[in-house]
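Peer 1: Before I ask anything, here is the structure I am working with.
The values are calculated or read from the model by the stated rules, or taken from the named source; none is laboratory data. These numbers come from a predicted model, not from an experiment. As a convention, Cβ positions derive from the backbone with ideal geometry for all residues, glycine included, and neighbour counts pool all protein chains shown. Each accessible area value is taken on the protein alone, full model and side chains, heavy atoms only, with ligands, DNA and RNA left out. Shrake-Rupley method; radii C 1.70, N 1.55, O 1.52, S 1.80 Å.
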Amino acid sequence: MRKTSESVKSGKEEVVKSICRMCHGVCGVIVHMRNGIVVKVTGDPESPLSNGFICSKGRASVEYLYHPDRLRHPLKRAGAKGENKWKQISWEEALDTIAQKLLDYKKDYGPESVALAVGTGRPYQAFALRFANAFGTPNVVSYAHICYLPRVVASIITCGQLPICDFYGFGGVHPRCVVVWGCNISETGAADGMCGNQLTLARRTGAKFIVIDPRRTKLASKADVWAQVRPGTDVALAMGMLHVIIHEKLYDKAFVEQYTEGFDRLVQHVKGYLPSKVAEITWVPAQIIRQMARLYAETKPACMLWGNGLDESINCFQTARALLILRAVTGNIDVPGGDVFWIPPKGVVQTSPFMDPSIILPEMVTPEASARKLSAGQSLMNFVLRHSTFWDAVLTGKPYSPKVLIIVGTNPLLTASDCLKGEQALKKLEFTVALDLFMTPTTQLADIVLPAATWLEQDDIADLHFIWCVAARQKVVEIEECWDDKKIFIELAKRIGLKDCFPWNDVREYCDFVLKDTGLDFEKFTKLGILKGEMQYRKYEANGFPTPSGKFEIASSILDSFGYDALPDYVEPPESPYSAPELAKEYPLIAITGCKVEPFFHTEYRQLKSQRKRHPDPLVEINPATAKELGIEDGDWVWVESPRARIRQRAKLSPDIHPRMVAIQHAWWFPEEEPPEYGWKRSSANLLLDHRPADPIWGSESWKGFLCKVYV
Ligand code: SF4
């Protein structure tokens with residue numbers, strides 16, 4: 001443990017520097033210990049990633065760590081599924097049972113009969129994917145069709161790597177303009193490896209702010225320009241901005257001429273996106289579109305922080321492409337204070353499969369098994385297996401029946417679409433294992449539940465995907481029989497003949513392996529705390545871009561070769577007042593869901609008193625004028641109904657939401673209520689969703705911008 005001088009002075013008291021992982025964030029924190037017990041977690045003012053910031057989730061880490069309801073021992077089902085009857089078993093018995101089942105099903109039905117389901121990016125991600133590949137199954141169920149990966153892949157095919165905001169000033173310059181698009185990390189804490197505090201610091205250095213969001217977030221209320229975009233239409237807005245930038249010759253001519261491919265086609269293409277037309281599509285006034293375009297193009301350097309708000313729509317992939325093109329034509333790519341391609345620290349093995357897929361051993365899945373992936377042929381660019389595809393296969397046996405599911409750190413009954421079908425599928429599967437910290441509606445339907453560890457119980461080299469450093473996370477305590485997910489996979493691999501693929505005896509050995517070419521072992525690394533890459537800007541001047549043409553591909557040759565539009569174009573969302581006018585008579589409001597709220601991280605932390613006190617009930621945000629028409633008052637319990645289902649949430653009246661839109665909180669369940677359901681069917685927004693893949697390129701579902709009605 002990396003102790004500071006304070007620990008030496010204070011006898012039994014110690015402080016340990018680490019990296020919080022209560023969300024996607026990266027915040028450097030100080031863990032305060034007394035007599036071997038964690039008593040407090042505070043922000044680390046010396047952390048260059050977060051500069052002392054900590055949110056309520058980070059502070060609640062202690063409550064989470066020692067929560068009385070935590071799973072502390074492996075459990076085996078002792079009644080029917082959902083009866084909540086469990087028998088405590090040893091790790092030996094749990095792992096031996098699971099290993100034998102995996103080997104038996106592989107022998108009898110092939111490796112593809114076993115699937116893994118993973119959650120949002122946590123330290124186990126590479127381990128779970130490596131395990132799936134080493135075992136030989138192509139079936140990994142995930143959220144990558146609606147979260148982050150579309151932006152990563154759009155970036156890779158357009159310019160070779162995900163560009164990230166350069167807030168840190170390593171090049172001697174900070175952004176003078178920041179566009180925040182579909183992202184609210186200044187309120188929720190962090191996302192995609194970026195701490196929300198960076199926005200606060202950018203405001204202090206005088207940056208101009210443009211915020212694009214259907215809701216007037218706190219940041220939007222202070223921004224220089226706020227565009228209240230109609231959900232799902234962001235790509236049209238971006239094309240409208242490009243129209244203004246090109247028409248008014250505000251683009252970076254030198255960069256465009258020398259380093260891009262397809263600009264001439266873009267010039268013709270954006271003629272169809274007059275601001276007046278875009279205003280009709282997006283509901284953003286034409287003068288705001290012009291104002292945003294001018295401010296962004298003329299204030300250099302500028303960076304663009306984008307978020308999950310863009311991913312869940314029919315236009316998901318092309319929206320990401322349009323925002324990349326905006327960055328390029330304004331000359332903000334890989335320049336100090338712009339959107340840059342960070343260089344990771346030398347010698348560190350990349351543990352992010354987004355940076356280096358070889359870490360997950362993709363070659364271990366045979367071509368025959370790959371061809372039997374359940375999502376094969378669904379979408380040319382999409383290698384993701386969506387939950388609904390998996391549930392269908394389990395329930396119908398077509399194209400074949402998966403038999404086993406290993407669920408790692410995810411609660412898909414609440415966070416995936418088609419969740420009632422998911423419940424039936426979980427009941428039907430022949431063998432299910434769940435790794436989690438608490439019993440949830442999902443783990444209740446498993447056969448074996450394994451107790452996982454919090455970030456305070458894990459050693460790790462925090463790799464933040466595409467960021468300029470890796471940072472040390474240190475195990476400071478052990479709670480009974482809770483295990484780090486990484487250890488679970490190492491131990492399981494030993495039992496099924498995959499030791500070659502998981503050659504480490506324990507997690508420490510794995511951490512040493514990651515650092516082996518740095519001259520450090522994990523112990524020494526924890527004393528340093530952070531390893532930085534050496535940044536070089538404008539790498540394209542020497543090397544071009546790692547794309548087929550060697551240029552920034554405004555017109556994508558890869559999309560072209562797959563038969564998709566090489567340039568972004570707008571498509572109306574499938575369930576909107578324009579595409580479904582008859583339906584809109586019955587369901588007149590446009591819904592968004594999935595916006596995070598600060599005390600929680602998706603389904604997590606609802607059992608923490610501190611967090612529930614701050615946010616006791618599920619809330620649907622509705623404009624006061626709309627509420628008045630509907631006879632709804634602030635705090636009323638209301639029905640929110642879509643063409644698929646209805647749920648109960650409390651009305652939160654807010655002028656910050658458009659009168660024709662509502663924002664429905666997602667991932668609600670009530671751990672204090674009776675198992676096995678814990679009340680999840682009452683308020684879970686995902687019951688309302690259309691599970692059909694909408695984006696033809698990426699298979700994203702249309703979770704932002706479906707129709708609903710609200711009533712008492
Ligand atoms: S934003 Fe995320 S990483 Fe940062 S303190 Fe909060 S929970 Fe931890």
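Peer 1: Got a number for residues in the range 617-636 being open to solvent by 20 Å² or more (accessible area, probe 1.4 Å) and assigned to a helix (DSSP H, G or I)?
Peer 2: The qualifying residues number 5.
Peer 1: Right, here's the next one. Identify, please: which residue in the range 11-29 is among the small types (Gly, Ala, Ser) and under 28 Å from the mean Cα position of the chain (by Cα) and is, among those, nearest to residue 455 (Cα to Cα)? Talk me through it step by step, then tell me what you get.
Peer 2: So in the range 11-29, the residues among the small types (Gly, Ala, Ser) come out as 11, 18, 25, 28.
Now narrow it down to the ones that are under 28 Å from the mean Cα position of the chain (by Cα): 18, 25, 28.
Working: 18: 9, 25: 12, 28: 13 Å.
Step by step, filter the range 11-29, then rank; the result is 18.
Peer 1: How many residues are in a loop (DSSP other than H, G, I, E, B) and either within 24 Å of residue 483 (Cα to Cα) or open to solvent by less than 40 Å² (accessible area, probe 1.4 Å) (or both) when one looks only at the range 505-522?
Peer 2: The first filter runs over the range 505-522 and keeps only residues in a loop (DSSP other than H, G, I, E, B), leaving 505-506, 515, 519-521.
Next cut, either within 24 Å of residue 483 (Cα to Cα) or open to solvent by less than 40 Å² (accessible area, probe 1.4 Å) (or both) only: 505-506, 515, 520-521.
Of the residues in the range 505-522, 5 are in a loop (DSSP other than H, G, I, E, B) and either within 24 Å of residue 483 (Cα to Cα) or open to solvent by less than 40 Å² (accessible area, probe 1.4 Å) (or both).
Peer 1: What pairs come up if the first residue lies in the range 2-24 and is farther than 16 Å from residue 459 by Cβ, the second is more than 16 Å from the ligand (Cβ to nearest atom) and modelled with pLDDT under 55, and their beta carbons are under 6 Å apart, counting only those six or more places apart or on different chains?
Peer 2: Pairs that qualify, where the first residue is farther than 16 Å from residue 459 by Cβ and the partner is more than 16 Å from the ligand (Cβ to nearest atom) and modelled with pLDDT under 55, are 14/3; 14/7; 15/4; 15/6; 15/7.
Peer 1: Looking at the range 173-198 only, could you name the residues that are open to solvent by less than 10 Å² (accessible area, probe 1.4 Å), within 12 Å of the ligand (Cβ to nearest atom) and under 17 Å from residue 226 (Cα atoms)?
Peer 2: Correct list: 185 only.
Peer 1: Could you identify the single residue in 545, 502, 525 that is outside any loop (DSSP other than H, G, I, E, B) and of a type in the set (Phe, Trp, Tyr)?
Peer 2: Details: 545 fails: outside any loop (DSSP other than H, G, I, E, B); 502 fails: outside any loop (DSSP other than H, G, I, E, B).
Every option except 525 fails the conditions.
Peer 1: I've got another one for you. Pick out the one residue from 434, 393 that is in a helix (DSSP H, G or I), open to solvent by less than 20 Å² (accessible area, probe 1.4 Å), small (Gly, Ala, Ser) and assigned by TED's automatic domain parsing to the domain that holds residue 121.
Peer 2: Details: 434 fails: in a helix (DSSP H, G or I).
Selected residue: 393, the only one of 434, 393 that is in a helix (DSSP H, G or I), open to solvent by less than 20 Å² (accessible area, probe 1.4 Å), small (Gly, Ala, Ser) and assigned by TED's automatic domain parsing to the domain that holds residue 121.
Peer 1: Could you check residue 378 against (1) open to solvent by less than 10 Å² (accessible area, probe 1.4 Å); (2) over 25 Å from residue 123 (Cβ atoms); (3) modelled with pLDDT under 95 and say which number it fails?
Peer 2: Only one criterion is unmet by residue 378, namely (1).
Peer 1: In the range 352-374, what residues are open to solvent by 60 Å² or more (accessible area, probe 1.4 Å) and in a helix (DSSP H, G or I)?
Peer 2: Once the filter is applied, which keeps residues that are open to solvent by 60 Å² or more (accessible area, probe 1.4 Å) and in a helix (DSSP H, G or I), the range 352-374 yields 357, 358, 362, 363, 364, 367, 368, 371.
Peer 1: Just to verify a result, which residue in the range 90-119, among those that are part of a loop (DSSP other than H, G, I, E, B) and out of contact with any strand residue (DSSP E or B) (no Cβ under 8 Å at 6 or more places or on another chain), is farthest from residue 366 (Cα to Cα)?
Peer 2: Initial filter on the range 90-119 (part of a loop (DSSP other than H, G, I, E, B)): 90, 110, 119.
With the extra rule that they be out of contact with any strand residue (DSSP E or B) (no Cβ under 8 Å at 6 or more places or on another chain), the set shrinks to 90, 110.
On the way: 90: 34, 110: 11 Å.
That would be 90.
Peer 1: So residue 71 ticks every box in (1) out of contact with any Leu (no Cβ under 8 Å at 6 or more places or on another chain); (2) away from the ligand (no atom under 16 Å from the Cβ) but one. Which box is left unticked?
Peer 2: Among (1) out of contact with any Leu (no Cβ under 8 Å at 6 or more places or on another chain); (2) away from the ligand (no atom under 16 Å from the Cβ), the lone unmet condition for residue 71 is (1).
Peer 1: Here's another thing I want to ask about it. Looking at (1) within 16 Å of the ligand (Cβ to nearest atom); (2) open to solvent by less than 20 Å² (accessible area, probe 1.4 Å); (3) not assigned by TED's automatic domain parsing to the domain that holds residue 363; (4) not polar (S, T, N, Q), which is the only condition residue 151 fails?
Peer 2: Just one mismatch for residue 151, condition (1).
Peer 1: Moving on to the next point. Which residues, counting only those in the range 676-688, are open to solvent by less than 10 Å² (accessible area, probe 1.4 Å) and assigned to a loop (DSSP other than H, G, I, E, B)?
Peer 2: Once the filter is applied, which keeps residues that are open to solvent by less than 10 Å² (accessible area, probe 1.4 Å) and assigned to a loop (DSSP other than H, G, I, E, B), the range 676-688 yields only 684.
Peer 1: Kindly establish whether residue 284 is part of a helix (DSSP H, G or I) and modelled with pLDDT of 95 or more.
Peer 2: Values: part of a helix (DSSP H, G or I): no; modelled with pLDDT of 95 or more: yes.
No; evaluated as a whole, the condition is false for this residue.
Peer 1: May I pose another question? Identify the single condition in (1) surrounded by 23 or more Cβ atoms within 10 Å (Cβ to Cβ); (2) modelled with pLDDT under 95 that residue 170 does not satisfy, given that it satisfies every other one.
Peer 2: Looking at each condition in turn, residue 170 falls short on (1).
Peer 1: Which of the residues belonging to the range 571-598 are in contact with a Leu (Cβ under 9 Å, 6 or more places away or on another chain) and either farther than 12 Å from residue 668 by Cβ or without any contact (Cβ under 8 Å) to a residue 12 or more places away in the chain (or both)?
Peer 2: Here is the first cut: in the range 571-598, the residues in contact with a Leu (Cβ under 9 Å, 6 or more places away or on another chain) are 575-577, 580, 583-584, 586-591, 593, 597.
Selection gives 575, 576, 577, 580, 583, 584, 586, 587, 588, 589, 590, 591.
Peer 1: Consider only pairs whose beta carbons are under 6 Å apart and that are at least six residues apart or on different chains; among these, list those whose first residue lies in the range 547-567 and is assigned by TED's automatic domain parsing to the domain that holds residue 257 and whose second residue is open to solvent by less than 10 Å² (accessible area, probe 1.4 Å) and of a type outside the set (Lys, Arg).
Peer 2: Close Cβ pairs satisfying both conditions: none exist.
Peer 1: When you scan the range 29-67, how many residues do you find that are part of a loop (DSSP other than H, G, I, E, B), within 11 Å of the ligand (Cβ to nearest atom) and under 23 Å from residue 531 (Cβ atoms)? Spell out how you get there, then give the answer.
Peer 2: Here is the first cut: in the range 29-67, the residues part of a loop (DSSP other than H, G, I, E, B) are 35-36, 44-55, 60, 66-67.
Retained after the next criterion (residues that are within 11 Å of the ligand (Cβ to nearest atom)): 44, 47, 49-50, 52-55, 60.
Next cut, under 23 Å from residue 531 (Cβ atoms) only: 44, 47, 49-50, 52-54.
Final tally of qualifying residues: 7.
Peer 1: On to the next question. Condition check: open to solvent by 30 Å² or more (accessible area, probe 1.4 Å) and within 18 Å of residue 306 (Cβ to Cβ). Does residue 228 satisfy that?
Peer 2: Spelling it out, residue 228 is indeed open to solvent by 30 Å² or more (accessible area, probe 1.4 Å) and within 18 Å of residue 306 (Cβ to Cβ).
Peer 1: With 101, 81 as the choices, which residue is open to solvent by 60 Å² or more (accessible area, probe 1.4 Å), in contact (Cβ under 8 Å) with a residue 60 or more places away in the chain and more than 15 Å from the ligand (Cβ to nearest atom)? Before you say what the answer is, go through the steps one by one.
Peer 2: Working: 81 fails: open to solvent by 60 Å² or more (accessible area, probe 1.4 Å).
Selected residue: 101, the only one of 101, 81 that is open to solvent by 60 Å² or more (accessible area, probe 1.4 Å), in contact (Cβ under 8 Å) with a residue 60 or more places away in the chain and more than 15 Å from the ligand (Cβ to nearest atom).
Peer 1: Take the range 437-474 and flag every residue that is of a type in the set (A, V, I, L, M, F, W, C), within 30 Å of residue 529 (Cβ to Cβ) and part of a strand (DSSP E or B).
Peer 2: Residues satisfying the conditions are 452, 461, 462, 469, 470, 471, 472.
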